[in-house]
Protein chains: 4
Amino acid sequence: MAHITSSSRGVFVIAVTPFLETGALDHDSIDRMVDFYAEKGADGLTILGMMGEAPKLTQAESIEVTRRTLARAGNMPVVVGVSAPGLAALGELTGAVMDLGAAGVMVAPPSSLRTDEQIIGYYRNVVETVGKDVPVVLQDFPLSTGVQISTKTLRVIFEAHPSIVMLKHEDWPGLQKISDLRQAETEGSRRVSILCGNAGAFLPEEMRRGADGAMTGFAYPEMMANVVRLSNEGRHEAAQDVFDAYLPLVRYEQQPGIGLAVRKYVLAKRGAIGSAAQRRPGAGLNAAAIAEIEMLIARQTRRLETLA
Amino acid sequence: MAHITSSSRGVFVIAVTPFLETGALDHDSIDRMVDFYAEKGADGLTILGMMGEAPKLTQAESIEVTRRTLARAGNMPVVVGVSAPGLAALGELTGAVMDLGAAGVMVAPPSSLRTDEQIIGYYRNVVETVGKDVPVVLQDFPLSTGVQISTKTLRVIFEAHPSIVMLKHEDWPGLQKISDLRQAETEGSRRVSILCGNAGAFLPEEMRRGADGAMTGFAYPEMMANVVRLSNEGRHEAAQDVFDAYLPLVRYEQQPGIGLAVRKYVLAKRGAIGSAAQRRPGAGLNAAAIAEIEMLIARQTRRLETLA
Amino acid sequence: MAHITSSSRGVFVIAVTPFLETGALDHDSIDRMVDFYAEKGADGLTILGMMGEAPKLTQAESIEVTRRTLARAGNMPVVVGVSAPGLAALGELTGAVMDLGAAGVMVAPPSSLRTDEQIIGYYRNVVETVGKDVPVVLQDFPLSTGVQISTKTLRVIFEAHPSIVMLKHEDWPGLQKISDLRQAETEGSRRVSILCGNAGAFLPEEMRRGADGAMTGFAYPEMMANVVRLSNEGRHEAAQDVFDAYLPLVRYEQQPGIGLAVRKYVLAKRGAIGSAAQRRPGAGLNAAAIAEIEMLIARQTRRLETLA
Amino acid sequence: MAHITSSSRGVFVIAVTPFLETGALDHDSIDRMVDFYAEKGADGLTILGMMGEAPKLTQAESIEVTRRTLARAGNMPVVVGVSAPGLAALGELTGAVMDLGAAGVMVAPPSSLRTDEQIIGYYRNVVETVGKDVPVVLQDFPLSTGVQISTKTLRVIFEAHPSIVMLKHEDWPGLQKISDLRQAETEGSRRVSILCGNAGAFLPEEMRRGADGAMTGFAYPEMMANVVRLSNEGRHEAAQDVFDAYLPLVRYEQQPGIGLAVRKYVLAKRGAIGSAAQRRPGAGLNAAAIAEIEMLIARQTRRLETLA
């Protein structure tokens, strides 16, 4: 399968990992989910990310999820999250998933890193571990990792390692970081693909700042697909109209922790997966939360009708 | 002036601190701002909070801001943020502002606290320091303080200290915390007033969960006033309609750090303060950010017209 | 092999993981090291801990290190560190090492935990995952994990889970925690074994406070063995004499990060392992550091001669 | 009084703040303590540091402690800690204490700083706030502040701001940082004075690496004075002999939190201050701790006699 490159664009949906109510992997739902994401406009997938409950899987299960997803995804590129406490596990999983046909791997910095030098050194070790022929996505998500990476540090890392082809951008605030990176490219810096996370909560602005698309897992991937498409067509008010219709639910799904339960509830409701079950430990939804979600979905549906 | 109580309700606007371009306090703008907040529906004010640039003020300036605000606020209760690294400074400022007529003080936990016992012990020290006759607002804002306070710990603190009359609720996610506290009250726990922060980003749901109002600083206080009023009238779809119209800008203003620049820009544009200037260190807005804000305001205006 | 119990006592040495200069596992040195530790007075071993470079091993290597260590250790109980980002990996490794004959597993809390409830909930999940028949060591090491566990929380966890038989104590300061736990036992709380870490830097005081021994990896295990023995004999001044002779090097080896390089340097020098090599990323020693260590060893040798 | 410079050397004792049992400032003990420190070999003092309970003082009390200390210190230079959450308070206190005759001010970074750029920017703001004529000590204490400052970042800051004349060095591990800074000076970097903290726990090695002395508060300042003097004379084994005699107590006093209680207990016992009382919140010593300290002091006394 084709690798991701510094020119990759569009919507890479952060996939959930489907489980049965028993907690076992739901293999059939992997197929259904891949089809669903493709139908709703995904250009690629990212699996085994933080929102994919990756740490709850054994290594064998991680490989199996990758194998099954790749088999179903066909030509759609699949990035695999391989963040791990140590380089050995990271390298081992990378080797396995690239052999299976992954399009690249995604690596977040361990939360112990602080200084610019430590961050730069970490990605040097990562590239040496996985090999220079493996495309790497650098995940910049300070809210979750606690690691703040300045634009300057990102530029040093990108210059040093051509195999780091993509930034998963989810700094918050992060709009100026996109502008600064794109500005640097006009001054000779290497281009990288920038796909944005944060549940898509700033996607219209991110596209106008120069992002190449989205890499996030909102349960309505068509929102991201439409916002990216309209933005690329220069139809920014229309992009914002679509975005605004979904924003109340985006906001609700973006809540840390419980957000994954919301996402799985909606995906199950939409038929993308068989069950909203999470592996332990995972927060469920009570009646009050479900009522809130249903109200938001009903309103979203009505609002989208006015846009049609 | 009347003190806040465990029955206080409505919208307490988190006030900014107005500065001249020179960095000096803008005393005239304090008056103008107080009037503006009152006109837009504020039931009370909270000054010298994190978003009020309190740490950038000298102690004398803090007193002066309090004095001027109170003089203009008339019967509108004013809560004063007194969080400090040590109890001595906290107690000294509390004494000064209560003498001036403040309605209560707000205290966030220092970021060094970790265990439940440490948090409970801290608020015991606070109450002993300020005295049991001073109404205290407990600010629960883990995203900023790093301190996570469980519902159970909040209940222990509230039971122990009747003078802690209000929770400034800005845990994220935090909806269930409201439900749990209200449920506990049906089982005999002491009632506290719950006013919600987080830029109002979950205000409709918070009101339905049992909150008494908002304590936050979004630059359109009429949003909070209307959402709170409609919610209290049981008109939840209408409340959500109002909320949705403002949400794109709420989201933009809620960005950490730069959010205050956004808020001051809008307040200055609306005539509430003379200048958007922040004291150093404070992020400014560049042309790209201003264009984004202006687009959001224009869209918000159009959307509100459809609701009228 | 016998399992650890709440009555386990003595010195469990935190073993390093020996590598060749190439970075490959040094299987022969595992044997040599096990023999060395036994000769120097170890009552048990703990492998795959933080100082054992566990995150740098693949899962297969972790199993292999366990297998080889167990084969050589004979009747000496071996605890295996199984801390992992997720319960699935933790459970999988636990099953594997217990099948191989481990005496128990050690689990540190993930650094995301904050409130008492979260910590209590985590160990409930751990016990459910590994099964109630697997002896668990709770590692309380706030300096490294960032998680502070109060004595009260420890007691709740110990009462709830009889299979958590041991506390690896390395809070700092931590002396009063030992006294408080022992005091609680006189009031009816369940007894747990308390073995102390922190490179042994407070071992004489810890023994007097009621600890059962040490679980740490100082490169002179005979220090721990002698201090524990003399303390148990009530010869506290003699215990402190031994301790004081080693303290300058204990202090030097206790430096975060570089401490492991110091430990491996000394172990290699003493013939316990073939090489001081660490897997990447691992800090090496420069000439200045080596000169400091050699000076400390020379002085330690002279000092011990005066005690003989 | 003379200002500190980049050539300052010797022992600057971190002074405690003496309180009466009532919690009031003990003015008389300030005089006694200053005399005690001078008699025991202090070349200077540092007041209102983290171990000086500075956050427990009101602003007026901070000024009063400074005034009284300066009046008694005579020609001995006194550095004043002015770290504060905001620049306004920092600047205000700096102005006041420099007017009173302080030799310089010490500033630790706020714990919110992460990237190199943020740290560099912070000290630029500090220098602009206090003015370029005020000598500044940069306190590098990651264990307490959570801020890691690389050698490279320190060099950028020192080059940019000639008024930052001194590094209070208490990184841990930190020996190589001294070597690297001194090496950089041989390559043309500006020299700064390096005085070391961490309770003196690495003072012999720090002196050999190129430190200019100590800035810490161990209750036996004569230890630091003698180690510094002997080191400067090249008598490194003798310096280490002195150090080793005190190390068991240094270690005990270095415990976070409770360490200050230990220090004040010993200082009161030695007659340097009237009471070991701390202001709330402050940990006291129970009988077990006192017994441990007394045993350590008795052993220390015997050991020192063998050196005489």
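In whole Å, what are the extents of the range C:216-308 along the principal axes defined by its C-alpha atoms, from largest to smallest?
Principal axes ranked by extent give 44, 23, 23 Å for the Cα atoms.
Would you mind telling me the antiparallel percentage of the DSSP bridges in the protein assembly as shown, rounded to 5?
Here the share of antiparallel DSSP bridges comes out near 5 percent.
If ligands, DNA and RNA are left out, what is the accessible area of D:I119 with a 1.4 Å probe, given in Å² to the nearest 10?
Looks like 0 Å² after rounding.
Apply 1/(1 + (r/R0)^6) to the Cβ-Cβ distance of B:N75 and D:D133, taking R0 = 51 Å, and write down the FRET efficiency to the nearest 0.05.
With R0 = 51 Å, the Cβ-Cβ based efficiency is 0.55.
For the range B:144-213 and the range A:129-199, write down the distance between their C-alpha centroids in whole Å.
Cα centroid to Cα centroid, the span is 38 Å.
For the range C:249-302, what does the equivalent ellipsoid look like in terms of its semi-axes, each the square root of 5 times an eigenvalue of the Cα gyration tensor, given largest first in whole Å?
Three semi-axes, in Å: 18, 13, 10.
With label points built 7 Å along Cα→Cβ from the Cα atoms of C:T5 and B:R270, find their separation and express it in nm.
7.1 nm
Can you give me the three principal axis dimensions of the range B:111-185 from its C-alpha atoms, in Å, biggest first?
Result, largest extent first: 32, 29, 18 Å.
Size of the dipole of the protein assembly as shown about the Cα centre, Lys and Arg at +1 and Asp and Glu at -1 on the beta carbon, nothing else charged, in debye to 20?
Once rounded to the nearest 20, the dipole reads 0 debye.
What is the sum of charges around A:A73, taking Lys and Arg as +1, Asp and Glu as -1, for the other residues whose C-beta is under 12 Å from the C-beta of A:A73?
0
Translational diffusion coefficient, Stokes-Einstein: compute it for the range A:118-276 using the Kirkwood radius over C-alpha pairs as Rh, at 20 °C and 1.002 mPa s, and state it as an integer in µm² s⁻¹.
Using the Kirkwood radius from Cα pairs, D works out to 128 µm²/s.
For A:R235, which inter-copy label distances result when the label point lies 7 Å beyond Cα on the Cα-to-Cβ vector, reported in nm to one decimal and in ascending order?
3.5, 8.7, 8.9
Under 5 Å between amide hydrogens, which residues at least 5 positions from B:D26 or on another chain qualify, with H placed 1.01 Å from N in the peptide plane?
Placed amide hydrogens put B:F19, B:L20 under 5 Å from B:D26.
Among the DSSP beta bridges whose two residues both lie in chain D, what percent are antiparallel, rounded to the nearest 5?
5 percent
Treating the point 7 Å from Cα along Cα-beta-carbon as the label, what are the nm separations from D:R9 to the other copies, to one decimal?
Nearest to farthest, the other copies are at 5.5, 6.7, 7.4 nm.
Considering only DSSP states other than H, G, I, E and B, which GluC sites (Glu not before Pro) in the range D:222-308 qualify as loop sites with at most 11 other Cβ atoms within 10 Å?
Here the GluC sites (Glu not before Pro) that fit, given the DSSP loop and packing criteria, are D:E233.
List the relative contact order of chain C as a percent without decimals, with contacts defined as Cα pairs under 8 Å and 6+ residues apart.
20 percent
With just the Cα atoms defining each centre, how far is the range A:11-56 from the range B:245-298? Give it in Å.
The distance from the Cα centre of the range A:11-56 to that of the range B:245-298 comes to 38 Å.
Kindly give Rg over Rh for chain D, based on alpha-carbon atoms, with the Kirkwood expression for the hydrodynamic radius.
0.95
How large is the Kirkwood hydrodynamic radius of the range A:6-46, counting all unique pairs of alpha carbons, in Å?
Here the Kirkwood hydrodynamic radius works out to 11.2 Å.
Picking from B:N198, B:N232, B:N125, which is most flexible by a Gaussian network model of chain B using Cα springs under 10 Å?
Its mean-square fluctuation being the largest, the pick is B:N125.
Under a Cβ-Cβ cut-off of 15 Å, what is the net charge of the residues other than B:F36 that fall near it, where Lys and Arg count +1 and Asp and Glu count -1?
Computed value for this residue: +1.
For chain A, modelled as a GNM with alpha-carbon contacts under 10 angstrom, which of A:A89, A:A54, A:A42 fluctuates the most?
A:A89
What 222 nm value per residue comes from the helices of chain C, counting each DSSP H run with n ≥ 4 as -39,500 (n - 2.57) and dividing by all residues, nearest 500 deg cm²/dmol?
Per the formula, -15500 deg cm²/dmol.
Show the residues, 5+ positions off or on another chain, whose built amide H is closer than 5 Å to the amide H of C:T216.
C:F12, C:I14
Where in the range D:237-308 are there trypsin sites (Lys or Arg not before Pro) that are in a DSSP coil and have at most 14 other Cβ atoms within 10 angstrom of their Cβ?
When the trypsin sites (Lys or Arg not before Pro) of the range D:237-308 are filtered for loop state and at most 14 Cβ neighbours within 10 Å, D:R270 remain.
Between chains A and D there is a rotation axis; tell me the chain A residue with the nearest beta carbon and how many whole Å away it sits.
Result for the axis mapping A onto D: A:D116, 2.
Expressed as a whole percent, how much of the Cα-Cα distance distribution for the range C:188-248 exceeds 16 Å?
36 percent
Taking a cut-off of 59 Å, what percent of all Cα-Cα pairs in the protein assembly as shown are separated by more than that?
13 percent
Any idea how many Lys pairs in chain B come in under 24 angstrom at the alpha carbon, given 8 or more places apart or on separate chains?
So the count works out to 12.
Wrap a convex hull around the Cα atoms of the range B:148-223, take a quarter of its surface area, and give that in square nanometres.
Quarter of the Cα hull surface area: 5.0 nm².
Count charges around B:V136 for me, please; just the other residues with Cβ under 13 Å from its Cβ, Lys/Arg as +1, Asp/Glu as -1.
Charge balance near B:V136 sits at 0.
Can you list the equivalent-ellipsoid semi-axes of the range A:5-119, largest first and in whole Å, using the square root of 5 times each Cα gyration tensor eigenvalue?
Values for the range A:5-119, descending: 24, 18, 13 Å.
Can you figure out the FRET efficiency of B:R280 with C:S144, using R₀ = 41 Å and their beta-carbon distance, to the nearest 0.05?
Computed FRET efficiency for B:R280 and C:S144: 0.65.
Please list the non-local residues whose amide H lies under 5 Å from the amide H of D:Q139, H modeled 1.01 Å from N, same-chain partners needing a gap of 5 or more.
It is D:V107, D:A108, D:K168, by chain and number.
What is the magnitude of the charge dipole of chain B about its Cα centre, with +1 placed on the Cβ of each Lys and Arg, -1 on the Cβ of each Asp and Glu, and no other charges, expressed in debye to the nearest 20?
180 debye
Quick one: with label points 7 Å out along Cα→Cβ, list the inter-copy distances for C:A283 in nm, shortest first?
Counterpart label points of C:A283 in the remaining copies fall at 2.5, 3.3, 3.8 nm.
Grab the beta carbon distance between D:E39 and A:A298, set R0 = 60 Å, and tell me the FRET efficiency rounded to 0.05.
My answer for the efficiency is 0.15.
The values are calculated or read from the model by the stated rules, or taken from the named source; none is laboratory data. Source: prediction; values computed, not measured. Note that each Cβ is placed from the backbone with ideal geometry, even for glycine, and that neighbours are counted across all protein chains shown. Heavy atoms of the whole protein, side chains included, go into the accessibility calculation; ligands, DNA and RNA do not. Shrake-Rupley method; radii C 1.70, N 1.55, O 1.52, S 1.80 Å.
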